[in-house]
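Report on one structure; see the data block that follows.
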Protein chains: 2
Amino acid sequence: MTTVTIAILCGVLAVVYGFVTSQQVLRASPGDARMQDIAAAIQEGAKAYLGRQYTTIGIVGVIVAVILFFALGAISTIGFVIGAVLSGVAGYVGMNISVRANVRTAEAARTSLQGGLTMAFRSGAVTGMLVAGLGLLAISTFFWYLTGPAGHAPNDRIIVEALTALAFGASLISIFARLGGGIFTKAADVGADLVGKVEAGIPEDDPRNPAVIADNVGDNVGDCAGMAADLFETYVVTLGVTMISIALLIRADAAELMRLMTLPLLVGGVCIITSIIGTYMVRLGKGTIMGALYKGFWTSALLSIPAIYFATQYVLGDLHRTIGSAGFLDAVSDDLTTGFDRPAAAAGAIPSFTGLDLFWCMVIGLAVTGLIVWITEYYTGTNYRPVKSIAAASQTGHGTNVIQGLAISLESTALPTLVIVVAVIATYQLAGIIGIAFAATAMLALAGMVVALDAYGPVTDNAGGIAEMAGLPDDVRQRTDALDAVGNTTKAVTKGYAIGSAGLAALVLFGAYTTDLQTYFPDVTVDFSLSNPYVIVGLLLGALLPYLFGAFGMTAVGRAAGAVVEEVRGQFRDNPGIMAGTSRPNYGRTVDLVTRAAIKEMIVPSLLPVASPIALYFIITAVAGQAQGFASLGAMLLGVIVSGLFVAISMTSGGGAWDNAKKYIEDGNYGGKGSEAHKAAVTGDTVGDPYKDTAGPAVNPMIKITNIVALLLLAALAGGAG
Amino acid sequence: MTTVTIAILCGVLAVVYGFVTSQQVLRASPGDARMQDIAAAIQEGAKAYLGRQYTTIGIVGVIVAVILFFALGAISTIGFVIGAVLSGVAGYVGMNISVRANVRTAEAARTSLQGGLTMAFRSGAVTGMLVAGLGLLAISTFFWYLTGPAGHAPNDRIIVEALTALAFGASLISIFARLGGGIFTKAADVGADLVGKVEAGIPEDDPRNPAVIADNVGDNVGDCAGMAADLFETYVVTLGVTMISIALLIRADAAELMRLMTLPLLVGGVCIITSIIGTYMVRLGKGTIMGALYKGFWTSALLSIPAIYFATQYVLGDLHRTIGSAGFLDAVSDDLTTGFDRPAAAAGAIPSFTGLDLFWCMVIGLAVTGLIVWITEYYTGTNYRPVKSIAAASQTGHGTNVIQGLAISLESTALPTLVIVVAVIATYQLAGIIGIAFAATAMLALAGMVVALDAYGPVTDNAGGIAEMAGLPDDVRQRTDALDAVGNTTKAVTKGYAIGSAGLAALVLFGAYTTDLQTYFPDVTVDFSLSNPYVIVGLLLGALLPYLFGAFGMTAVGRAAGAVVEEVRGQFRDNPGIMAGTSRPNYGRTVDLVTRAAIKEMIVPSLLPVASPIALYFIITAVAGQAQGFASLGAMLLGVIVSGLFVAISMTSGGGAWDNAKKYIEDGNYGGKGSEAHKAAVTGDTVGDPYKDTAGPAVNPMIKITNIVALLLLAALAGGAG
């Protein structure tokens, strides 16, 4: 059985696991008629939103596909379509199980905490395994077809372009889904809170609030479907770029190349198995809910170490063998590990390495994942200094809460940056840019488990809302609240993980960019030195993109939330029966309003990272020639990651910390619910909402799109391979 | 008369102007006994704080001076001391006039708006001219001594090192002064507001508030003395690095080098004259207060164009002559303007240029200043979309106010970045890195006028406080409020201007770094290419510095403000007579508390940019060798500017916009004072305070220190020149 076949089978296994587990979820009781009514309204709203979102994205996608067809040919266009469609499917299926598991989780929480946990986590695991499984299937079947039936060599240009186009399809859909879903969920959430909790003084998820269904729809389309599309993209891009950089950088015979290029697929495959095993370890026992979830995560992570070891050995044989030793090195003679004295043209060159080196790089990737989980837990968990300091600052008012929250959000970038820097240095010393790529691959191999933890969150959030609206006993709501509380941390973890892996992947993408440049334009010598002012120009403009993108996202949420407030105020005014509880608010009108706002607001910012690299290249080329155009474009790719890493981490960790500072006060500290400190903490939570769920996470696909568009631009300028 | 002599005379003229104008200010009536009492308390607090601040800085300064003496020798140590002492003097004298002009402005505002404006602006102009005059005197007399009596050639290593050390002295003092003063002013301001306006419900500047004197002291030690030290640093570093890069990069005979190196001094000199003329144009007439201030600014800016033209012609003669045409170019043969095909070693190489090219570069510098003024006015003025959008968002609560404010702060980085990028491209095309340097010099040549506009702000702020505390009639307070309202914009302008010039100066500093590297370590070839992972590591860690620094600054303000709140609550509790108005609060104890907090909190963050480059170099050298140590250190210098530019602009513009959104509501929009929208806007204002007055502005000296420390490290590693 070839390695690719095993990988495909692992992908199928993940899909089968998803199908079987979703059947288990669906077999559970969906509760009483009132609960089913509410759940139906949420389902309807979520489907209506995703339907319209995908229609809009579909129009953009068709236009892009046509452009790709003429610029790069049929194979790349097919790759783009596969990436785009499967990214959409991952999001859609995740949403679909999530809107059914929510009511079942509420029902299960009637009897026990463990019951609720199992139901919600199973739903999350379905989404998680589908993201990893579909991602692996997309790449491995496409790669199998291209190298098998279609008969291309593994390092044929057409394979590089096809995999790039596949990644582009996934990325393009995911930025729309992340941003559109993010705007929807936070506009509804912020709007509902402002007009309900703050103005009308009714509790969260009160059925009298006309925005309450929209808020619950948002959890599904943003935190579930949008997140799933984002992580699908991250998975596909990371594995894809690892394979691309092997094809571009390594000089070896076809058999060796084939072995190396299929290793990321097998690593993805075996880690699907370890992730599935991990899902069965999520049980409460005597510990905390967070502890139960972590049991699953750590089981997967630790089992992955031997699994990756044996996978590497299975593919490469003797782990001490120097890989592609004959004719392997690029045309440079000096010591490549030190990186001295290399002309820019040999930038992509890498040192010789062994299978064991690659294994250690992957262990480093797993360690980075573990450290990011730990750091995120520290910055967003209620047991540590950061969250407590924000809660304490709430005692002196709204202003000091926000000041301290911003301080924590700035500070939270430091440790992840240091972890990434150390990982870059260590993996580069082991195996050059390929080492960095394999570390990123190992990080993403755990995506199934990480997404499972994340997708668990919106289900419990919805379950709480349904319990409240359906008037279930208080102890049910208490259980769903307890399940939901850890969701803030797991959500922040996924985002830190995605952006951290993006930091590594962006370096590999930049390596692919420079190598592509040498392949396509051997006569143009590009100066990527920091002393070239066009490099500085590219860095500055790249660094600007996350800021501008963040501004768009924040403004969109503010504007749409304001519209929700106006709409709800109008409903309260026109129909006094709503507040009295005698007549039902028009939930659908609010859902519809947020849908239109989110779709409208997502388009321009999503196109920013597509248009900017193209515009920069043509403007600088016109001013200073093509070589400087390429130099500033390359610098833009690094500028966007150097700045985006900080913008994204500060927003996602800061937002999580604000949210949990509120929860910490609600747990009875500093006066508890209803105190002045609590009001200040609600303000911080509101500010953190678009930070952590709209602008921050969408920076991850934005970084990748900028990079991939640059690669496609090079291919298009060179005429395309087919 | 030599060019240097003229420059020295212009510096003397500025000091004379400062002396004469301060006499005019002091001759005015200081008001009644109550007003004088209050002013005396502010004076005492400000002097006590600055005394302790300078003592602490002095200890650090002496340690650094001793290290410098052993690392680089006597001349550099003298340069360091001159820079440090004059930076301190500029801040001290500025504070000294400011604490006397405040009460006189309040008194003058009894009779007319014009009277108050004249008094406050004259005080600002004293500070402005002293900053520019002392800065120019420091460099030009030191340069005169070194090239005259001491007999060194203008491009002798000792001159480069001495000017670098001079800049270091100015920078080191200014980061402490900016940060210490910034923490003081905002801790007092935020603390006073929280406990007074919010908790006790008494108006701003109410004499019953025990923190009210500390708040007014803060305006003088932060917004005046700290700002003056910061701009002194910016002035000295910018002119100094322009001269250094001429010495390092240009191959010409000593006479031509002397001409080129003294040109920045003469440009600084003539612009002092145009700035002085501008100060006489600040009169109300029929227009607005902002219009009156702008009349002064635009007069200076427009007169500077012909003044710079004639200065350039005076120094260089025929403006069409190619400068240093024989033996001028570095040892590279290809077309240097395009920057293609240059090995890293020739990075510092510059194209040939004429005097006219330099003139146009300086005009571009003036244009950048004008554009930044215009953009900052747009983002922080009450007449435009950004501020109005924050005010409108206040209607739906604290949360939406902060969300919209953050969105504007992110967005406000875009236009300044584009302006800087275009200026870099245009000046580089005209005259290479030297062109960028001259553009920065022309920007800073207007420092006298820009600082005058800024230093006017704290005086009017204090005048308002004194009017309130002394119980002057309402119309006096209305006049001082009107004068104060434009202060938010002029303060934001100065910060945008300083950080914009830092963007240009940092590129020149990086050029100096690479050239120094080649001079000191000709055998080490350093790869500054973006495909070198150690470059990425340096970029990432450099980009981290402003975030970490910002986190420290925000936390410090939050913590110190919290301590103020506790202290004031204690005074209210222990002495009920305070609120009743029957007994006087203990102002001194609050001043003392804030003083201790600010001094304690400023030390660690101020040392961050000093220690980080040194630590990075030694760690990376240990891991991967010296060449990679140099590569990552160089990349850190650019990482800190690429990220710092955005952090600083977003904080300073965003903070200004929040402040004026509150003022816009107080002007009667969206319900005016006391409305719910106003309360939300007060929260935004509080958040903006440490953003715009503590963390944001201190990023500017931080960027410069990181760069200068790297230059000194190179010199020290190479053994020093004397």
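What follows draws every value from the coordinates through simple rules; no lab data is involved. Fair warning: this is a prediction, and the values are worked out from it, not measured in the lab. A quick note on method: Cβ atoms are made from the backbone with ideal geometry, for glycine too, and the neighbour counts reach across all protein chains shown.
Here are the numbers:
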| read-out | value |
| --- | --- |
| Rounded to the nearest 20 debye, dipole of the stretch B:98-219 from Cβ charges on Lys, Arg, Asp, Glu | 340 |
| Interchain or long-range residues, amide H under 5 Å from residue A:472's placed H | none |
| Positive dipole terminus of the stretch A:39-176, leading residue within A:74, A:98, A:160 (C-beta point charges) | A:98 |
| Cα centre as origin, Lys/Arg/Asp/Glu Cβ charges: chain A dipole, Debye | 860 |
| Residue-wise HN-Hα coupling along the stretch A:213-227, computed from phi with Karplus coefficients 6.51, -1.76, 1.60 (Hz; x: Gly, Pro) | 5, 4, 4, 6, 4, x, 4, 7, 7, x, 5, 9, 5, x, 4 |
| Scaled radius of gyration (Cα, divided by 2.2 N^0.38 Å) that the stretch A:3-74 gives | 1.76 |
| Ranking of B:178, B:259, A:34 by count of other Cβ atoms within 10 Å, fewest first | A:34, B:259, B:178 |
| Point-to-point label distance, residue B:199-residue A:1, nm (Cα→Cβ direction, 7 Å offset) | 6.9 |
| The stretch A:253-282 residues near the modelled residue A:20 label - backbone nitrogen below 20 Å, point 7 Å along Cα→Cβ | A:269-282 |
| Estimated translational D of the protein assembly as shown in µm²/s (Stokes, Kirkwood radius over Cα pairs; 10 °C; 1.306 mPa s) | 49 |
| Folded to 0 to 90 degrees: helix A:254-279 orientation relative to chain A principal axis, Cα | 20 |
| Modelled FRET efficiency - R0 22 Å, residue B:618 with residue A:385, Cβ distances, 0.05 increments | 0.15 |
| Average beta-carbon neighbours from other chains, 10 Å sphere, peptide A:687-696 | 3 |
| Average beta carbon contacts from partner chains per residue of B:521-530, 10 Å cutoff | 6 |
| Helix axis angle, B:696-717 relative to chain B longest principal axis, alpha carbon, degrees | 30 |
| Table column - 3J(HN,Hα) (Hz), the stretch A:17-30, Karplus curve with 6.51, -1.76, 1.60, x for Gly and Pro | 4, x, 5, 4, 5, 5, 4, 4, 4, 5, 6, 5, 5, x |
| Shielding by other protein chains, A:646-653, mean Cβ within 10 Å | 2 |
| Shortest-first nm distances, residue A:281 label point to equivalent points in other copies (7 Å, Cα→Cβ) | 7.3 |
| Nonlocal amide H pairs with residue A:673, under 5 Å, H built at 1.01 Å | A:668 |
| Under 9 Å, Cβ to Cβ, from residue A:123 - net charge with Lys/Arg +1 and Asp/Glu -1 | +3 |
| Positive-end residue of B:603, B:561, B:586, charge dipole of the stretch B:485-625 with Cβ unit charges | B:586 |
| From phi via Karplus (6.51, -1.76, 1.60), per-residue ³J(HN,Hα) for the stretch B:660-675 in Hz, x at Gly/Pro | 6, 5, 5, 4, 4, 5, 5, 6, x, 8, 6, x, x, 4, x, 6 |
| Space enclosed by the convex hull of the alpha-carbon atoms of the stretch B:570-682, per residue, Å³ | 174 |
| Three-way shape label, the stretch A:69-197, alpha-carbon gyration tensor, a/c 1.5 | oblate |
| Difference of contour (0.36 nm per residue) and Cα-Cα distance, residue A:305 to residue A:569 | 89.5 nm |
| Stokes-Einstein D (µm²/s) once Rh is taken as the Kirkwood radius of chain A over alpha-carbon pairs, at 20 °C in 1.002 mPa s | 85 |
| Charge sum, other residues only, whose C-beta stays under 14 Å from residue B:356's C-beta, Lys/Arg counted +1 and Asp/Glu -1 | -1 |
| Using alpha carbons only: equivalent-ellipsoid semi-axes of the stretch B:269-324, gyration tensor based, whole Å | 32, 9, 6 |
| Listed peptides B:496-508, B:672-684, A:283-295 by packing density, highest first (mean Cβ within 10 Å) | B:496-508, B:672-684, A:283-295 |
| Built amide H within the under 5 Å cut-off of residue B:353, gap 5+ | B:323 |
| For chain B: relative contact order, % (alpha-carbon pairs under 8 angstrom, 6 or more apart) | 22 |
| Between the stretch B:261-316 and the stretch A:210-251, the Cα center-to-center distance that results, in Å | 55 |
| For residue A:674, inter-copy label distances in nm, listed shortest first [label point 7 Å out on the Cα-Cβ vector] | 2.9 |
| Euclidean distance of C-alpha centroids, the stretch B:425-495 and the stretch A:424-471, integer Å | 48 |
| Principal axis dimensions, largest first and in whole angstrom, of the stretch A:404-519 by Cα | 66, 32, 24 |
| Gyration tensor (alpha-carbon) shape descriptor, the stretch B:186-302, a/c threshold 1.5 | oblate |
| Pseudo-label separations to other copies for residue B:302 - Cα-to-Cβ vector, 7 Å, nm | 7.7 |
| Residue order, fewest to most beta carbons within 10 Å, for A:523, A:454, A:592 | A:523, A:592, A:454 |
| Degrees between helix B:533-574 axis and first principal axis of chain B (Cα, 0 to 90, nearest 10) | 20 |
